[in-house]
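> Have a look at this one.
The values are calculated or read from the model by the stated rules, or taken from the named source; none is laboratory data. What you see is a predicted model, and the numbers here were worked out from it, not measured in a lab. Don't worry about glycine lacking a Cβ; one is built from the backbone with ideal geometry, like all the others, and counts go over all protein chains shown. Heads up: the accessible areas ignore ligands, DNA and RNA and are worked out on the full protein's heavy atoms, side chains in. Shrake-Rupley method; radii C 1.70, N 1.55, O 1.52, S 1.80 Å.
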Amino acid sequence: MALRHYTLDFNLSAPADCPSTVRGLQSIFQEQEMTETVHDTEGHGYLATFIGKNGRLVILRVHSQGLVTVDLQCCEGDNIAQVDNLLNALEKKLKSLLHGNIRRVKRLPALTRGAAVDRYWPTADGRLVEYDIDRVVYDEDSAYQNIKILHSQQFGNILILNGDVNLSESDLPYTQAIMGRGQENYAGKEVLILGGGDGGILAEAVKLKPKMITMVEIDQMVIDGCRTHMRKACGSVLDNLKGDCYQVLVEDCVPVLKKYVEEGKTFDYVINDLTAVPISTAPEEDSTWEFLQLILDLSIKVLRPTGKYFTQGNCANLTEALALYEEQLGRLSCPVDFSKEVVCVPSYMELWVFYTVWKK
């Protein structure tokens, strides 16, 4: 079962006359055979619910501060034309009743709640985005995370890990940005990719004729899902864990990095595609900051003197979080310089910051 939730708002120049406003709407609800229940707001305006025989629910609120809101809920299978007619009637009547007092009228498309296919995902800076998702392609829980691949008519298949949009088949700008935007010469170089289980970076990197790419991804199920359902991003590189110029290690990257440090193994490029910069320093995110610091420090240790470290940051609007990350760059075991670039990632529907780090 799914529910459709409509909203209609009237911002007013002055508080509305509650009695006359409510009386003016009564005939509409009576025509709909809706039963009214008035609720005590303890002097804070007027609140009533109206319930119809078909299960429709209308919540009418006349706020004392100068706002009138109408919320209408109905089952997904309800007659959409009838629902629209009811909303149109309420909007027309309220415009007539409040005509000299209206500053703004806002009516939003329906929000579908509880549907089999979830179409709503938050951006990093807390805005809600509705995607044109029409089906679930893959939905599995691994030992590490929930893995979803959803199909978008606009972006193709989208990989979502633990509720976070990671990559769509249209997100080549993300991959290009985290590899240096075409300004680097990968030919004959040794490359280390941390994470990247969707295969997007690996697929682009092998085209550049490197000497060897080592990709370390902890979750085999991400690889399996993307191998089948994200082929516009990964091509055929995930069909085998070894190729002419690459190998995929299904392991935790931390012990692998520590082993490389002990062995003195180094790389020309390290690409960190593990996690975004946390949006705050709240206690629940302390462990993520510690993880980022550890990955940063180990990555710089396996980076050759002329090498470069690439990573994503976060949404460009999260300036405080990005500033905290840049502070971390000043606390590494050796001094580094960095540059950053802001790129529009299609399926993120927001500007995203990417970092390039190198040893001084």
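> Does ALA14 count as out of contact with any helix residue (DSSP H, G or I) (no Cβ under 8 Å at 6 or more places or on another chain) and small (Gly, Ala, Ser)? Break it down into steps so the answer makes sense when it comes.
Numbers: out of contact with any helix residue (DSSP H, G or I) (no Cβ under 8 Å at 6 or more places or on another chain): yes; small (Gly, Ala, Ser): yes.
Here the answer is yes, as ALA14 does meet what is asked.
> Let me ask something additional. With respect to VAL136, determine if the residue is surrounded by 12 or more Cβ atoms within 10 Å (Cβ to Cβ), in contact (Cβ under 8 Å) with a residue 12 or more places away in the chain and within 25 Å of MET230 (Cβ to Cβ).
For VAL136, the condition - surrounded by 12 or more Cβ atoms within 10 Å (Cβ to Cβ), in contact (Cβ under 8 Å) with a residue 12 or more places away in the chain and within 25 Å of MET230 (Cβ to Cβ) - is met.
> Further question on the same structure: Which residues, taken from the range 297-314, are free of Cβ contacts under 8 Å to residues at least 60 places away in the same chain and either over 23 Å from the mean Cα position of the chain (by Cα) or within 19 Å of ALA187 (Cβ to Cβ) (or both)?
Answer for the range 297-314, where residues must be free of Cβ contacts under 8 Å to residues at least 60 places away in the same chain and either over 23 Å from the mean Cα position of the chain (by Cα) or within 19 Å of ALA187 (Cβ to Cβ) (or both): ASP297, LEU298, ILE300, LYS301, LEU303, ARG304, PRO305, THR306, GLY307, TYR309.
> Taking into account only those residues within the range 163-189 that are within 17 Å of THR275 (Cα to Cα) and assigned to a loop (DSSP other than H, G, I, E, B), which is modelled with the lowest pLDDT?
Among residues in the range 163-189 that are within 17 Å of THR275 (Cα to Cα) and assigned to a loop (DSSP other than H, G, I, E, B), the one modelled with the lowest pLDDT is GLY163.
> Starting from the range 175-197, take each residue that is under 18 Å from PRO346 (Cβ atoms) and list its partners that are open to solvent by 50 Å² or more (accessible area, probe 1.4 Å) and assigned to a loop (DSSP other than H, G, I, E, B), counting only C-beta distances under 8 angstrom and pairs at least six apart or across chains.
Short answer, once both residue conditions are applied: GLN176/GLY182.
> Being open to solvent by less than 40 Å² (accessible area, probe 1.4 Å) and under 16 Å from LYS93 (Cβ atoms) is the filter here, so list the residues in the range 7-19 that pass it.
Result: LEU8, PHE10, LEU12, ALA16, CYS18.
> For the range 190-235, list the helices (runs of 4 or more DSSP H) that sit wholly inside it and hold at least 3 residues that are crowded, with 24+ Cβ neighbours inside 10 Å and of a type outside the set (D, E, K, R); which are they?
200-206, 220-229
> Which residues, taken from the range 330-344, are in a strand (DSSP E or B) and open to solvent by 40 Å² or more (accessible area, probe 1.4 Å)? Can you show your working first?
Going through the range 330-344, the residues in a strand (DSSP E or B) turn out to be 336-344.
Matches in the range 330-344: ASP337, PHE338, SER339, LYS340, GLU341, VAL342, CYS344.
> Of all residues in the range 63-82 being among the β-branched types (Val, Ile, Thr) and at pLDDT 95 or above, which is surrounded by the most Cβ atoms within 10 Å (Cβ to Cβ)? Give the derivation first.
Within the range 63-82, the first condition is being among the β-branched types (Val, Ile, Thr), and the residues that meet it are 68-70, 80.
From what is left, the residues that are at pLDDT 95 or above are 68-70.
Values: VAL68: 26, THR69: 16, VAL70: 21.
So the residue we want is VAL68.
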